[in-house]
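Structure record follows, encoded as structure tokens.
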Amino acid sequence: FCLFLGAPQGFAIGIKSMDLHATKRIRTNSGNPLFGGLGSLLDAELAGRDGPDHGFYHQFNGLAGLDRVVLVDYKGQAVACGGMKEFDQNTLEVKRMYTKAAFRGQGLAGTVLQELERWAAEASYTRIVLETGKRQPEAVTFYTKHRYQRIENYGPYQGVENSLCFEKMILAGH
């Protein structure tokens, strides 16, 4: 499940303007404890948004197979993340996108997503897919802004009214 990293409407951003030069992108995997900490925050936020549907979505958000993770470090603190796992031989699936609330609105989500896309291309994948939900309208706006196109719901999300699936074709090797 991918959650947009922007501030919810009416939410006061804690960091007005951060020095983006003080951020560091880290490529790692799901075993990184900093990723686990951000994942716990994501789970809590999604539980609130999903309500009684959270159990259904949560079962698809495990860390197994999530061997490509990008963290954004800001002055020694992990503040944003996203991961990918193999969907098929040409495709990776984006999972576990999150930015700490106080750091939203600073472009960190785009930084994470661009690094994930770069990593996918370097590994010769040509397509990226993801699932988000209607309860995350800011995620839909974010992925559309980054040129992801709506597709038919795939796999476990087929027939799920709240799910929205997206894809983006990328150039392998770039």
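Values as computed for the structure displayed
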quantity	calculated
Test: residue in the stretch 108-122 that is touching a residue at least 12 places away in the same chain (Cβ under 8 Å) and not in a helix (DSSP H, G or I)	no
Qualifying position, being in contact (Cβ under 8 Å) with a residue 60 or more places away in the chain and not charged (D, E, K, R), among Tyr143, Tyr148	Tyr143
Single condition Ala172 does not satisfy, out of (1) outside any strand (DSSP E or B); (2) in contact with a Phe, Trp or Tyr (Cβ under 7 Å, 6 or more places away or on another chain); (3) surrounded by 15 or more Cβ atoms within 10 Å (Cβ to Cβ)	(3)
Answer residue from the stretch 16-59, given it is part of a loop (DSSP other than H, G, I, E, B) and open to solvent by 50 Å² or more (accessible area, probe 1.4 Å) and is modelled with the lowest pLDDT among those	Lys16
Top-ranked residue of the stretch 92-116 - restricted to ones that are surrounded by fewer than 21 Cβ atoms within 10 Å (Cβ to Cβ) and over 15 Å from Arg49 (Cα atoms), ranked as farthest from the chain's Cα centre (by Cα)	Ala102
Options Ile128, Ile151: the member that is open to solvent by 20 Å² or more (accessible area, probe 1.4 Å) and either modelled with pLDDT under 90 or over 14 Å from Arg25 (Cα atoms) (or both)	Ile151
The one condition in (1) part of a strand (DSSP E or B); (2) at pLDDT below 95 that Cys165 fails to fulfil	(2)
Condition broken by Gly76, with the remaining ones in (1) at pLDDT 90 or above; (2) open to solvent by 60 Å² or more (accessible area, probe 1.4 Å); (3) within 23 Å of Thr23 (Cβ to Cβ) satisfied	(1)
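The values are calculated or read from the model by the stated rules, or taken from the named source; none is laboratory data. Keep in mind the model is a prediction, meaning the values are calculated, not measured. Don't worry about glycine lacking a Cβ; one is built from the backbone with ideal geometry, like all the others, and counts go over all protein chains shown. With ligands, DNA and RNA removed, areas are computed over all heavy atoms of the protein, side chains included. Shrake-Rupley method; radii C 1.70, N 1.55, O 1.52, S 1.80 Å.
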